[in-house]
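As structure tokens, the structure follows; a few thoughts come after it.
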Amino acid sequence: MPGSKKPENEVDAAKKKFSRRHFLATGGAVVAVDALISSTTAKAAPATVSYPTSKGYLVYDSKKCAGCTTCMLSCSLTHYGVQNLSLSRIQIMQDSFGKFPDDVVMAPCRQCVTPPCVINCPVEAAFIDTENGNIRRINEEKCIGCKTCLSMCPQQPHRTVWNHVTGKSSKCDLCLDTPYWSEEGGVNGKQACVESCPMKAIKLVQALPGQKETEGYDVNLRNDYWYNLGLVENSTHVPPRYAMSQRKPKTSKPKPKPKAKE
Amino acid sequence: MKGGYTGKILRVNLTDKSISTIPTEKYEAFGGGHGIGSAVFFDLVGDQLPFEAFDPRNLIIMMASPFSGTFMPGSGRCEVQSLSPGLYPEEWFGHSNFGGRFTAQLKFAGWDGVVVEGAAENPVWINIVDDKVTIEDANGVWGMDTWDAQQEISRRVIPSLKYGEWAELANSCYTTQIPAVVCCGQAGENKTRIGALLHGPGSQAALCGFGGVFGSKNLKAISAIGSGSVPIADPKALMDARLWFRQFQWDVDNPHEGQRFAQRGYALISGAPSGGNVSNGSVPLVPARAAACASCPRGCRMRLASADSNESVCAGSMFARIGGGGFFGGGGGDSSMPDALRGKMTRQANDLMQKYGLGHWQLMATRGYIDFLIREGIIGEGKEIDPDLPASGTYAYYEALFRKISLREGAFGEFAAEAAARMAEKLGRYEQDVNSGSLRLSYWGTQEHYSSQVEVEWGFGSLLGERDLMLHMMANYPLHWMAQSGDPYLTAEEASDLYRQAMVPYEDDRYLVDYGEGPTGVYSDSKVKQVAWVKHYEKFWVGAGGFCGWRWPMCITNNTVDRRGPTPNAEPKFWNAITGNNKTFADYMEIGHKIYTLDRSIWVLQGRHRDLEVFPDYIYDQPSRGGGEMPMVIDGKWVYDPGQGRALDRDKVEDFKTRFYKFEGYNPENGYPTRATLEGMGMKKVADVLEKNGKLG
């Protein structure tokens, strides 16, 4: 398995220390909670262990997403060679009858600063891949299928994904291990979801996003070309094309833009 | 490894409540979707034809394709096939399709399609959760509008479902998706001939009246949700194909010539997101997102902050026009109404149509004919049939109209629920009103869409089919609307040459899209080839492949420097990667020819003859009202021209038909497929049935 390796010592130490503890998190801030009183939220424990932060993160624009699920199908295709929404490590949910913007929820892995999936895995199948930009990963060969990482992920829906075919857990590896894709993935490579999204609503960034709720991850990736389609965020917004049409200016001359073709 | 298919088709008999499977492999030679649907229909009931659409023997077939559930751009529509209560004069074996997520979920559940036969004693719905299929009691759902019914059924399928969370389907199989439900509304329950099938708030199978077939079977809905996989023969090639295809998409961040193609006139045809919903186009804009069907890179729909007209496009968002206008006929009402209010009322009136489950395209002709009959004093106050409707162009008008038709309320409701063609027949006015053009039902009871005299591939393609062609992307959007924009990005000569190159296997013919009246124009052998190409493309790529008629074919595009579209390279590139086949575009088009021939055989068993394949008189006797401009050779030069004033010549149309029948392998005397043609396509059984019925060509 490319990039697969044992977690480094400090993670081992952390796991020994916290292996019997459950973690809840809100907006990426992890709070230790004793398993025996897991229904009661305790105050944040002093951080005694730090984890190397990931050098890559998927940010997204849930107002730009059209819900086509191409990203999900790209994910399952490149990782497993099939197209299957349930196996996708990025989940897009939509309610056709819902109101914008709540009609779509985008749910990629946050590559948590303090990753509950890694900390709580009883067999160290979930690990921080220090040789590959500290991506939080799951070694499916080591996974025993206990689903602890599913229940420990503080996000809704949980970003660790159950593979019902293998009976193992999985999670986003930023396309580090994509046997069915000819591109290189990882923090310096390409991601199938990013590349295939027709709305360019997913992007890889290197800087740690803000950790409050989803603010740092669910960002604005739109520009005036988007707004000019009439797709505004609030009703007081008058995109340039609509403002222009109200003034009835002359049509600008077309300027061909060179575009790469295969 | 073979990919694309799940390997089994679900067969549900509502009369005896039996559930069984049909192996897909038996029908793979027909591709998928429409091809398999036609073959299954013929095998199961072909030798019993003719019988009526509301006969329990009729089948309603909902087919996915090898593309469904994959990210093939612009695919995944559900092909619905059945005898059609909405078509005329016979209830032809017809087809209609709808977008959304239904076929994707059907495939993930492990099914390539659903075949429903018989009729339930009491209202039911079919519940598909992976490989578990049950027939459920529709108590409490029957009588609901299409929106409420879908949401209620979703709750019944997964009681623990919480939007935005994982739900366990069975045996540790999880999904975050909401069940995909297709249903009829009250218009279908009451067996109107305008009843549509609805999926989501705005995806309609609008033509043919299939909602009424659901109603006749006491079938309210089919729900599908799955956690399985669509197998892919060559995953790497498929991923490469998908990324290769990006060059043909509208670049949302920096579109090719973005300023130019954002202008009005290009909204529908540029491939830009959200252009299909035309009811939210004036300031103040309602906040919205572009919404896509499964796997579509365009996202022509919208979902609004107000949640009205969600996922409705074109006529589905604009048929019921409040407060003036009348883009799709009608109009009236308070024209001083502010734009924002007019837009909102219009969206909500159209939503009402969707909730009743009325098919917008047939409703349009019906509503127009009602107006005509009132104007002529044939129906109205004091007459046997009195619509008694509020003022036209108001919300109250549409509410009353939709309710009366859907519930068959009173004499008017019973009358209008039969749809325009049979309304005219009941009044003894069909010949008079259709031939005069007062009621423009140009082909098989469906309304004239674009000028049959000018955009002839649409007219001929419909006449030689069973309903309105509805294939916008052949020439209508790319050519008609490009030229009408006033800023065409290709000259007529350039456009015709690019079309020629895309239209394999007829690429050597320079005049395939000559819409002039000269020797290479609308009656020529070049046009025979173009119409054949359209029918074969319609049957294989659109029908068997589940393509969207608003996306495919793409012979040209504004999104590339050289204006070349992905047709004919993309189609086999994706199909072969998914299925593992190694066929050419031309090979697949020949399967389209085979499917068209099978459909034609079924129509022949229902009574089709070349003598029936004639336009109403007005197409021959009255000048075209014009419209967009099409490429034509006039005085030896390619130009764009509207063909204004043109009427078709009867003798030349008949001569065209004779050559078309011969070209396709049918007997020109009657239009029946010949034994040689059928056996050459591996359909000896079809030839035998035709012969037994005295209808072999």
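The values are calculated or read from the model by the stated rules, or taken from the named source; none is laboratory data. Just so we're clear, the structure is a prediction, and the values are computed from it rather than from any experiment. Every residue, glycine among them, receives a Cβ derived from its backbone with ideal geometry; neighbour counts consider all protein chains shown.
Identify the single condition in (1) under 24 Å from the mean Cα position of the chain (by Cα); (2) surrounded by 23 or more Cβ atoms within 10 Å (Cβ to Cβ); (3) within 14 Å of chain A (Cβ to nearest Cβ); (4) closer than 18 Å to B:I126 by Cα that B:G202 does not satisfy, given that it satisfies every other one.
(4)
Among B:E507, B:E466, B:E493, which is the only one that is more than 21 Å from B:I591 (Cα to Cα) and among the acidic types (D, E)?
The unique qualifying residue is B:E493.
Pairs only if they're at least six apart or on different chains, beta carbon under 6 angstrom, first in the stretch A:222-233 and more than 7 Å from every other protein chain (Cβ to nearest Cβ) and more than 14 Å from B:Y266 (Cα to Cα), second of a type outside the set (D, E) and in a helix (DSSP H, G or I); list them, first residue then second.
A:D224/A:P240
Which members of the stretch B:6-18 meet the condition of being in contact (Cβ under 8 Å) with a residue 60 or more places away in the chain and either crowded, with 24+ Cβ neighbours inside 10 Å or not in a loop (DSSP other than H, G, I, E, B) (or both)?
Residues satisfying the conditions are B:T6, B:K8, B:I9, B:L10, B:R11, B:V12, B:N13.
Can we say A:L85 is at pLDDT 95 or above, within 7 Å of chain B (Cβ to nearest Cβ) and buried (at least 22 other Cβ atoms within 10 Å of the Cβ)? Quick ask: steps written out before the conclusion?
Values: at pLDDT 95 or above: yes; within 7 Å of chain B (Cβ to nearest Cβ): yes; buried (at least 22 other Cβ atoms within 10 Å of the Cβ): yes.
It is true that A:L85 is at pLDDT 95 or above, within 7 Å of chain B (Cβ to nearest Cβ) and buried (at least 22 other Cβ atoms within 10 Å of the Cβ).
Go through the residues of the stretch B:36-55 one by one and say whether even a single one is out of contact with any Ser or Thr (no Cβ under 7 Å at 6 or more places or on another chain), hydroxyl-bearing (S, T, Y) and assigned to a strand (DSSP E or B).
No: zero hits.
Go through the stretch B:580-697 and tell me which helices (runs of 4 or more DSSP H), entirely inside it, have 1 or more residues that are basic (K, R).
Of the helices (runs of 4 or more DSSP H) lying wholly inside the stretch B:580-697, those with at least 1 residues that are basic (K, R) span B:585-606, B:650-664, B:675-680, B:684-692.
Find the residue count for the stretch B:284-306, including only residues that are at the interface with chain A (Cβ under 8 Å from one of its Cβ atoms), in contact (Cβ under 8 Å) with a residue 24 or more places away in the chain and either outside any loop (DSSP other than H, G, I, E, B) or not polar (S, T, N, Q) (or both).
The total comes to 10.
Within the stretch B:162-175, how many residues turn out to be at the interface with chain A (Cβ under 7 Å from one of its Cβ atoms) and closer than 15 Å to B:G228 by Cβ?
Of the residues in the stretch B:162-175, 4 are at the interface with chain A (Cβ under 7 Å from one of its Cβ atoms) and closer than 15 Å to B:G228 by Cβ.
Just a yes or no: is a residue in the stretch A:29-52 at pLDDT 95 or above and crowded, with 23+ Cβ neighbours inside 10 Å?
For the stretch A:29-52, residues at pLDDT 95 or above and crowded, with 23+ Cβ neighbours inside 10 Å: absent.
For the stretch B:41-59, enumerate the residues that are crowded, with 24+ Cβ neighbours inside 10 Å and not polar (S, T, N, Q).
Of everything in the stretch B:41-59, just one residue is crowded, with 24+ Cβ neighbours inside 10 Å and not polar (S, T, N, Q), namely B:A53.
Residues that are under 30 Å from B:Q259 (Cα atoms) and in contact with a Gly (Cβ under 6 Å, 6 or more places away or on another chain): does the stretch B:414-428 have at least one? Steps first, please.
Our first condition is that a residue be under 30 Å from B:Q259 (Cα atoms); within the stretch B:414-428, this holds for none.
No, every residue in the stretch B:414-428 fails to be under 30 Å from B:Q259 (Cα atoms) and in contact with a Gly (Cβ under 6 Å, 6 or more places away or on another chain).
Which one is surrounded by the most Cβ atoms within 10 Å (Cβ to Cβ) among residues in the stretch A:65-82 that are more than 7 Å from every other protein chain (Cβ to nearest Cβ) and more than 15 Å from the chain's Cα centre (by Cα)?
Applying the filter and picking the extreme gives A:H79.
Spot the failing condition for B:S216; the list is (1) surrounded by fewer than 24 Cβ atoms within 10 Å (Cβ to Cβ); (2) within 9 Å of another protein chain (Cβ to nearest Cβ); (3) among the hydroxyl-bearing types (S, T, Y), and only one is missed.
The failed condition is (2).
Mind checking whether some residue in the stretch A:89-96 is modelled with pLDDT of 95 or more, over 30 Å from B:A170 (Cα atoms), surrounded by fewer than 24 Cβ atoms within 10 Å (Cβ to Cβ) and not hydrophobic (A, V, I, L, M, F, W, C)?
Taking every residue of the stretch A:89-96 in turn, none turns out to be modelled with pLDDT of 95 or more, over 30 Å from B:A170 (Cα atoms), surrounded by fewer than 24 Cβ atoms within 10 Å (Cβ to Cβ) and not hydrophobic (A, V, I, L, M, F, W, C).
For the stretch B:255-269, check the following and say yes or no: at least one residue is in contact with a Leu (Cβ under 7 Å, 6 or more places away or on another chain) and within 8 Å of chain A (Cβ to nearest Cβ). Full working, then the answer.
Of the residues in the stretch B:255-269, the ones in contact with a Leu (Cβ under 7 Å, 6 or more places away or on another chain) are none.
Taking every residue of the stretch B:255-269 in turn, none turns out to be in contact with a Leu (Cβ under 7 Å, 6 or more places away or on another chain) and within 8 Å of chain A (Cβ to nearest Cβ).
If you scan the stretch B:553-579, which residues turn out to be part of a helix (DSSP H, G or I) and of a type in the set (S, T, Y)?
Listed by number, the list holds a single entry, B:T579.
Scan B:V614, B:V604 and give me the residue that is in contact with a Pro (Cβ under 9 Å, 6 or more places away or on another chain), of a type in the set (A, V, I, L, M) and either under 19 Å from B:F660 (Cα atoms) or not assigned by TED's automatic domain parsing to the domain that holds B:W541 (or both).
Going through B:V614, B:V604 in turn, the sole match is B:V604.
With the requirement that a residue be closer than 30 Å to A:P240 by Cβ, outside any helix (DSSP H, G or I) and facing chain A (nearest Cβ under 7 Å), what does the stretch B:228-253 give you?
If we filter the stretch B:228-253 for residues that are closer than 30 Å to A:P240 by Cβ, which is where we start, we get B:245-253.
Now narrow it down to the ones that are outside any helix (DSSP H, G or I): B:249-253.
B:Q249, B:V252, B:D253 - these are the residues of the stretch B:228-253 that are closer than 30 Å to A:P240 by Cβ, outside any helix (DSSP H, G or I) and facing chain A (nearest Cβ under 7 Å).
Rundown of residues vs (1) within 14 Å of another protein chain (Cβ to nearest Cβ); (2) in contact with a Phe, Trp or Tyr (Cβ under 6 Å, 6 or more places away or on another chain), yes/no style:
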{"residue": "B:L463", "(1), (2)": "no, yes"}
{"residue": "B:M474", "(1), (2)": "no, no"}
{"residue": "B:Y499", "(1), (2)": "no, no"}
{"residue": "B:E517", "(1), (2)": "no, no"}
{"residue": "B:F540", "(1), (2)": "no, yes"}
{"residue": "B:G549", "(1), (2)": "no, no"}
{"residue": "B:D562", "(1), (2)": "yes, no"}
{"residue": "B:E571", "(1), (2)": "no, yes"}
{"residue": "B:F574", "(1), (2)": "yes, no"}
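Can you go through B:D514, B:D497, B:D487 and tell me which one is of a type in the set (D, E, K, R) and surrounded by 22 or more Cβ atoms within 10 Å (Cβ to Cβ)?
Result of the check over B:D514, B:D497, B:D487: B:D514.
Could you please find all residues in the stretch B:518-546 being acidic (D, E) and surrounded by fewer than 20 Cβ atoms within 10 Å (Cβ to Cβ)?
Result: B:D525, single match.
Let's see how each residue does on (1) closer than 25 Å to A:E195 by Cα; (2) assigned to a loop (DSSP other than H, G, I, E, B):
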site	(1), (2)
A:I119	no, no
A:R137	yes, no
A:C146	no, yes
A:C149	no, no
A:Q155	yes, yes
A:R159	yes, yes
A:S169	yes, no
A:L174	yes, yes
A:D177	yes, yes
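Pull up the stretch B:270-283, narrow it to residues that are more than 7 Å from chain A (Cβ to nearest Cβ) and under 25 Å from the mean Cα position of the chain (by Cα), then point me to the one that is surrounded by the fewest Cβ atoms within 10 Å (Cβ to Cβ). Before you say what the answer is, go through the steps one by one.
The initial filter retains those residues of the stretch B:270-283 that are more than 7 Å from chain A (Cβ to nearest Cβ), namely B:270-271, B:275-279, B:282.
Narrowing further to those that are under 25 Å from the mean Cα position of the chain (by Cα): B:270-271, B:275-279.
Working: B:S270: 27, B:G271: 27, B:G275: 25, B:G276: 22, B:N277: 27, B:V278: 20, B:S279: 28.
Among those residues, the one meeting the criterion is B:V278.
Residues to consider are A:P240, A:P249, A:P256; find the one that is loosely packed, with under 14 Cβ neighbours inside 10 Å, facing chain B (nearest Cβ under 8 Å) and at pLDDT below 95.
Going through A:P240, A:P249, A:P256 in turn, just one is loosely packed, with under 14 Cβ neighbours inside 10 Å, facing chain B (nearest Cβ under 8 Å) and at pLDDT below 95: A:P256.
Conditions: (1) touching a residue at least 24 places away in the same chain (Cβ under 8 Å); (2) at the interface with another protein chain (Cβ under 9 Å from one of its Cβ atoms); (3) closer than 30 Å to A:K147 by Cβ. B:S223 meets all but one. Number of the miss?
Among (1) touching a residue at least 24 places away in the same chain (Cβ under 8 Å); (2) at the interface with another protein chain (Cβ under 9 Å from one of its Cβ atoms); (3) closer than 30 Å to A:K147 by Cβ, the lone unmet condition for B:S223 is (2).
Only one of these conditions is not met by B:L352: (1) within 14 Å of chain A (Cβ to nearest Cβ); (2) at pLDDT 90 or above. Which number is it?
Only one criterion in (1) within 14 Å of chain A (Cβ to nearest Cβ); (2) at pLDDT 90 or above is unmet by B:L352, namely (1).
When you go through B:E121, B:E152, B:E189 one by one, which is the residue that is over 27 Å from A:H158 (Cβ atoms), without any contact (Cβ under 8 Å) to a residue 24 or more places away in the chain and more than 9 Å from every other protein chain (Cβ to nearest Cβ)? If you could, list the steps in order and put the result at the bottom.
Numbers: B:E121 fails: without any contact (Cβ under 8 Å) to a residue 24 or more places away in the chain; B:E189 fails: without any contact (Cβ under 8 Å) to a residue 24 or more places away in the chain.
Exactly one residue qualifies, and that residue is B:E152.
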